[in-house]
Structures are given as C-alpha cells and as structure tokens.
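Bear in mind that the values in this text are calculations on the coordinates, not laboratory data. Worth saying up front: this structure is predicted, and the values here are computed from it rather than measured. Cβ sites come from the backbone with ideal geometry, for glycine too, and all protein chains shown count toward neighbours.
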Amino acid sequence: MAASVPYSFPASLTIAQAVESANSPLFAISSGWAASKVESFSISDAQSDFNFLRDRWHEEYGATSSMTRIVSTPTYRWIIQQGPRFVPFIIKDLETSDEPDHWFEALRQITNADPVDPRDRGNRRKMAKAWIKWYRSQGHAR
C-alpha cells in the first residue's frame, strides 16, 4: 500500500504554484516518485493546470521520438490519473494543433475507448479526428 503524502494545498493554489514548492507532493513528479503518491489538493483553474502540465510534459520528453518515453513521463502518467477532468482540454488541444500531440494513450486509458481505425494508427491527424468525432458522439459540444 502506498504511503500517503501528508500535505494539502489551499483551495486557491494552482498546480504551477504547487510544483514550485519542494514540500508539496507534486514536487514528487519532478523527483521521480510514482504518480500514485500525489494526493489531496484542490485545483482552482483546470484549464490553466492542464496547460501547465502539458508544457511540463513536453519538457520531460524533449526531442525524443520514443513513444515509450513520451507516454511514460511522470507528468503524462499524472494527467492520466486525473481521469475525465482533463479530457475536454485534451480534445481541444487535438482540435487546435497543426500537428496533434501524443494524447491517444491517455485518452484510451481515461475513457476505456479506442475509436481509432487500426488502419489509421500512426497517422496522428487521422487519430485526432477519430477521437474528436468520438468525443462529439458522446454528447459533448464543440
């Protein structure tokens, strides 16, 4: 059983502020702790938090082309642990990017769905379109 991190954040604290605090459980992300140890805090602005975490994830995986490395960074794993809360922002990111990011594994794990045609695997634009179409089919507005 994982030990709980005895720390809680004020409700108004953003993830960006929390990560800057070496006493916070989110410091564990940059220190290599398992994401499962990150617990007990409130988020004031989910879009800002998502943007911060997306940018941090990009820094973590850098210029690598290794899918294993890209989807196994601590921040990517932590985003997945947040569950459906970040799905609208992931979909928005796929819609607005000229070159869709590697969100497909996160979406599969969060939603337990996989709307991508096997013939389209590897084509990020087609994969993004499939996920956006699936998301809309679930009753989510544009």
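How many of the residues in region 68-81 are more than 11 Å from Gln109 (Cβ to Cβ) and free of Cβ contacts under 8 Å to residues at least 40 places away in the same chain?
5
Collect the residues in region 109-142 that are out of contact with any helix residue (DSSP H, G or I) (no Cβ under 9 Å at 6 or more places or on another chain) and closer than 25 Å to Gly62 by Cα, keeping them in residue-number order.
Residues satisfying the conditions are Gly122, Asn123, Arg125.
Considering only residues that are within 14 Å of Asp49 (Cα to Cα) and out of contact with any Phe, Trp or Tyr (no Cβ under 7 Å at 6 or more places or on another chain), which ones fall in region 85-97? If you could, list the steps in order and put the result at the bottom.
Going residue by residue through region 85-97, those that are within 14 Å of Asp49 (Cα to Cα) are 85-90, 93.
Residues satisfying the conditions are Arg85, Val87, Pro88.
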